[in-house]
Amino acid sequence: MPFRTFLARIRKLIPTSQEDRYTKIEEGFVNDSLSHPIGPMSDGELAKAIAEFVKKPKSQASLDALNDAFNPKS
């Protein structure tokens, strides 16, 4: 799935009042600080990862944690 399609799924999960969070994720894909999930993610898995990201203060650490949720280490 192209990252733009994946971003469209993410867009549905972030309230418009937190547009800056979505922008941070979008920038993360563009500048390669976020990696597209290697395997498919269910809507539930994606929603959980996004909810955790939105709860945390905006930082590189929260973006790194989101990336880890997208691509968990075995």
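Quick notes on this one:
- Per-residue [θ]222 nm for the chain (sum of -39500 (n - 2.57) over DSSP H runs n ≥ 4, rounded to 500): -18500 deg cm²/dmol
- If you count Lys pairs in the chain whose Cα atoms are under 19 Å apart, skipping same-chain pairs closer than 8 places in sequence, the total is 11.
- The value of relative contact order for the chain, using C-alpha pairs under 8 Å at least six residues apart, is 34 percent.
Computed from the coordinates by the stated procedures, all read-outs in this text should not be read as laboratory data. Because the structure is a prediction, the values reported are computed rather than measured.
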